[in-house]
Amino acid sequence: MKIPTRGNANNSGSWKDSAACAAPGIDPDLFHAGERETEQVDQARAVCNRCPVRAACLTAAYDEGDGWAIRGGLTNRQRNAHLRKAEGNIVRAVTDALEDASVLLRHLYHLHTEPTGDGHLLWTDNRHFINVRGKPYTVHQLAWIAIHGRPSNGHVQRTCDREGCVSEACLADWATRKQSKAAA
């Protein structure tokens, strides 16, 4: 089950190209330390904690059945515990492990959108509010977080006249609208 992320959803390169562990000077063996090698595990986690594609890495670990490496900052034992708690649901396991609802919001966004062929992306679910982990999101808020990986700055509005559009190009938050006005 693939979870689109900023590292692989918006460009043609692999999420691995953006991984913190791929940076020069990072020893790949660090991520294969045994759980009892706490110093190396802690060093690997420090790299993972600053990684922009951590969710993609953790998802790939589940998809690939990786039973050895530290992925997304978690050991195999920790990954398995999250997967058991999530009853085998990889999206929930990654969301819980990273304590990041944006993983689940991205999944919902990609599950409930459909391209139109003319540059728009339509929301296909008939709900206008989605409750995720006890917090309500408008469809536009959900789309903004799914696209940008962060909450909006103020209210999110559709900037096109296409009803139901949640395309990145057709959504603007307060800061984006302010920036557009200043440029005009």
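Aspartates and glutamates near Lys181 by alpha-carbon distance under 17 Å, same-chain residues fewer than 8 away left out - which ones?
Excluding near neighbours in sequence, the set is Asp173.
Please state, rounded to one decimal and in Å, the Kirkwood hydrodynamic radius that segment 133-184 gives when every pair of distinct Cα atoms enters the mean of 1/r. Don't jump to the answer; show the numbers that get you there.
Values: mean 1/r = 0.0871 Å⁻¹.
After inverting the mean inverse Cα-Cα distance, the result is 11.5 Å.
For the chain, take the longest principal axis of its alpha carbons; what is the angle in degrees between that and the long axis of helix 101-111, to the nearest 10 within 0 to 90?
60 degrees
Write down the accessible area per residue of the chain in Å², having rolled a 1.4 Å probe over the full set of protein chains. Kindly include the intermediate steps, with their values, before the conclusion.
Values: 10620 Å² over 184 residues.
In whole numbers, the chain has 58 Å² accessible per residue.
Kindly provide the pair-distance distribution of segment 79-184 built from C-alpha pairs, with 5 Å bins from 0 and whole-percent values in order of increasing distance.
Each 5 Å bin holds this share of Cα pairs: 2, 12, 20, 21, 17, 12, 8, 5, 2, 1, 0.
Tell me, what ³J(HN,Hα) does each residue in segment 139-147 have, in order and in whole Hz, if you take phi through Karplus 6.51 cos²θ - 1.76 cosθ + 1.60 with θ = phi - 60° and put x for Gly and Pro?
After applying 6.51 cos²θ - 1.76 cosθ + 1.60, I find 4, 5, 5, 4, 4, 4, 5, 4, 6 Hz.
Compute the orientation-averaged projected area for segment 1-141 from the convex hull of its Cα atoms and round it to one decimal in nm².
Details: hull surface 39.0 nm².
For the Cα atoms of segment 1-141, the hull's average projected area reads 9.7 nm².
Give the angle, between 0 and 90 degrees and rounded to the nearest 10, that separates the Cα long axis of helix 54-64 from the longest principal axis of the Cα atoms of the chain.
Around 60 degrees separate the two axes.
The values are calculated or read from the model by the stated rules, or taken from the named source; none is laboratory data. Just so it is clear, the model here is predicted, and its values are computed rather than measured. Just the protein is used for accessible areas: all its heavy atoms, side chains included, with ligands, DNA and RNA removed. Shrake-Rupley method; radii C 1.70, N 1.55, O 1.52, S 1.80 Å.
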